[in-house]
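> Next up is a structure, given as structure tokens.
The values are calculated or read from the model by the stated rules, or taken from the named source; none is laboratory data. Predicted, not measured: the structure shown is a model, and the values here were computed from it. We place every Cβ from the backbone using ideal geometry, glycine too, and count neighbours over all the protein chains shown. Heads up: the accessible areas ignore ligands, DNA and RNA and are worked out on the full protein's heavy atoms, side chains in. Shrake-Rupley method; radii C 1.70, N 1.55, O 1.52, S 1.80 Å.
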Amino acid sequence: MKKHVDVLPATTGSELEAVFASFAQKPVDALLVGGSALTNNRRVQVATLAAYHRVPAIYSLREFVDAGGLMSYGASITEAHRQVGIYAARILKGQKPADLPVMQSAKFEFLINLNTARAFGLTFPPGLLAIADEVIE
């Protein structure tokens, strides 16, 4: 069965609400919430709207799961901040920024919120729970 993917952009909080409200007319099987300043700053609103409209969603940051989202997979913000600190220290010690190598996140986190899963009536295979970095109960 062929699945269809829609991109539903939102640039304001009210547009976020409209996107989620549209799921009443056109239900979705799942939602991938991309990282942006809007969604990151309104992660509680996004997770709450997903739960209210019963849309299972995966997010790019653990903070969404901490706010009640179902699951996330993405770079560790804590690790990224640590890398920024290392870069800042190297620059303060005299290294030129142009001489520093480009760094990418090397630590990714996979989180599952079982409380949210239960509210959706979802279960996860034991193997998936075993590979999660954190399972919130």
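> So if I average 1/r over every pair of distinct C-alpha atoms in the chain and take the inverse, what Kirkwood radius in Å does that give?
16.8 Å
> With the full set of protein chains in place, find how many percent of the accessible area of the chain is carbon and sulfur; take the probe as 1.4 Å. Display every interim value, and only then the final one.
Values: 5360 of 8990 Å².
The value for the chain is 60 percent carbon and sulfur by accessible area.
> Which angle between 0 and 90 degrees, to the nearest 10, do you get for helix 77-92 versus the longest principal axis of the chain when only C-alpha atoms count?
20 degrees
> Per residue, how much accessible area does the chain have with a 1.4 Å probe, in Å²?
66 Å²
> Still on this structure, please answer the following. Among the lysines, select those whose C-alpha is under 18 Å from the C-alpha of K3, and discard any that sit fewer than 8 residues away in the same chain.
K26
> Heavy-atom accessible area of V102 with all protein chains present, probe 1.4 Å, nearest 10 Å²?
140 Å²
> Can you show me the helix-derived [θ] at 222 nm for the chain, built from DSSP H runs with n ≥ 4 at -39,500 (n - 2.57) apiece and divided by the number of residues, rounded to the nearest 500.
Mean residue ellipticity at 222 nm (helix-derived): -11500 deg cm²/dmol.
> Ok, one more. How much of the DSSP beta bridge set in the chain is antiparallel, as a percent to the nearest 5?
Around 40 percent antiparallel, to the nearest 5.
> Further question: Please give the solvent-accessible surface of H81 in Å², to the nearest 10, using a probe radius of 1.4 Å with every protein chain present.
Estimated to the nearest 10 Å², H81 gives 120 Å².
> R0 = 35 Å: FRET efficiency of T11 with D133, Cβ-based, nearest 0.05? Write out the running numbers ahead of the final one.
Working: r = 31 Å, r/R0 = 0.90.
Computed FRET efficiency for T11 and D133: 0.65.
> Next up: Where a Cα-Cα gap under 29 Å defines reach, which lysines qualify for K93, not counting those fewer than 8 residues away within the same chain?
By straight Cα distance, K93 reaches K107.
> Taking +1 at the Cβ of each Lys and Arg and -1 at the Cβ of each Asp and Glu, which of L16, V28, H53 sits farthest along the dipole of region 1-70 towards its positive end, judged by Cα position relative to the Cα centre?
Ranked along the dipole, the leading option is V28.
> Then there is this: Got a sec? What order do I91, I112 fall in by accessible area at 1.4 Å, biggest, i.e. largest, first?
I91, I112
> What's the center-to-center distance, using Cα atoms, between region 13-45 and region 71-135 in Å?
That distance is 22 Å.
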